[in-house]
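The values are calculated or read from the model by the stated rules, or taken from the named source; none is laboratory data. Because the structure is predicted, anything quoted here is derived from the model rather than measured. FYI the Cβ positions are ideal-geometry reconstructions off the backbone, even for glycines, and counts take in every protein chain you see.
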Amino acid sequence: TWFQPGMGACGVKSGKNDMVVAISAQIYDNGKHCHERMRVQYKSKTIEVTVLDECPSCDATHIDLGQAAFEKLADKNLGLIPVTWEFI
């Protein structure tokens, strides 16, 4: 899914054009991964994003992309897309 960035759980404000991601509470682990970079892939497209927020409603391995990041991969109207991701 995607979200409108703002003040994230990592204490940094981001805007709608920033390539950011929110990770599940389990992975967020009290900010352990704040400011880390992730590679996210959907079909043949790959982007890099920065962890700046927590997604309390996300399943353990799911992520929530900022709007700009999501739109690099797919139309935001899709809402939910199956991605693969890794910390880099």
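Specify the residue that is nearest to E71 (Cα to Cα); the eligible residues are those in the stretch 31-40 that are surrounded by 12 or more Cβ atoms within 10 Å (Cβ to Cβ) and not acidic (D, E). Spell out how you get there, then give the answer.
Step one: list which residues in the stretch 31-40 are surrounded by 12 or more Cβ atoms within 10 Å (Cβ to Cβ), which gives 31, 33-34, 36-40.
Next cut, not acidic (D, E) only: 31, 33-34, 37-40.
Details: G31: 26, H33: 23, C34: 22, R37: 18, M38: 16, R39: 15, V40: 12 Å.
Taking the candidates together, the pick is V40.
Looking at the stretch 8-21, which of its residues are out of contact with any helix residue (DSSP H, G or I) (no Cβ under 8 Å at 6 or more places or on another chain), small (G, A, S) and surrounded by 15 or more Cβ atoms within 10 Å (Cβ to Cβ)? Lay out the reasoning, then the answer.
To start, the set of residues in the stretch 8-21 that are out of contact with any helix residue (DSSP H, G or I) (no Cβ under 8 Å at 6 or more places or on another chain) comprises 8, 11-15.
From the residues that got through so far, the ones that are small (G, A, S) too are 8, 11, 14-15.
Those that are out of contact with any helix residue (DSSP H, G or I) (no Cβ under 8 Å at 6 or more places or on another chain), small (G, A, S) and surrounded by 15 or more Cβ atoms within 10 Å (Cβ to Cβ): G8, S14.
Checking the structure you have, find out if any residue of the stretch 36-44 is in a strand (DSSP E or B), closer than 17 Å to I81 by Cα, modelled with pLDDT of 95 or more and among the charged types (D, E, K, R). Walk me through how you get there before you give the answer.
First, pick out the residues of the stretch 36-44 that are in a strand (DSSP E or B): 37-42.
Keeping just the survivors that are closer than 17 Å to I81 by Cα gives 38-42.
Pick out the ones that are also modelled with pLDDT of 95 or more and you get 38-42.
After this cut, where a residue has to be among the charged types (D, E, K, R) as well, the list is 39.
Yes.
Return the residues of the stretch 41-66 that are crowded, with 17+ Cβ neighbours inside 10 Å and touching a helix residue (DSSP H, G or I) at 6+ places or on another chain (Cβ under 7 Å); say none if nothing qualifies.
Result: Y42, I47, V49, E54.
In this structure, is K72 of a type in the set (D, E, K, R) and either in a loop (DSSP other than H, G, I, E, B) or in contact with a His (Cβ under 6 Å, 6 or more places away or on another chain) (or both)?
Values: of a type in the set (D, E, K, R): yes; either in a loop (DSSP other than H, G, I, E, B) or in contact with a His (Cβ under 6 Å, 6 or more places away or on another chain) (or both): no.
Here the answer is no, as K72 does not meet what is asked.
Between a first residue in the stretch 32-43 that is β-branched (V, I, T) and a second residue that is buried (at least 18 other Cβ atoms within 10 Å of the Cβ) and not in a strand (DSSP E or B), which pairs have beta carbons less than 9 Å apart while being 6 or more apart in sequence or on different chains?
If the second residue must be buried (at least 18 other Cβ atoms within 10 Å of the Cβ) and not in a strand (DSSP E or B), the pairs left are V40/A69; V40/L73; V40/V83.
Just one of (1) in contact with a helix residue (DSSP H, G or I) (Cβ under 9 Å, 6 or more places away or on another chain); (2) more than 13 Å from W85 (Cβ to Cβ); (3) surrounded by 17 or more Cβ atoms within 10 Å (Cβ to Cβ) trips up Y28, so point out which.
Of (1) in contact with a helix residue (DSSP H, G or I) (Cβ under 9 Å, 6 or more places away or on another chain); (2) more than 13 Å from W85 (Cβ to Cβ); (3) surrounded by 17 or more Cβ atoms within 10 Å (Cβ to Cβ), only one is false for Y28: (1).
Given the condition modelled with pLDDT of 95 or more, under 10 Å from the mean Cα position of the chain (by Cα) and assigned to a loop (DSSP other than H, G, I, E, B), answer yes or no: does some residue in the stretch 60-69 qualify?
yes
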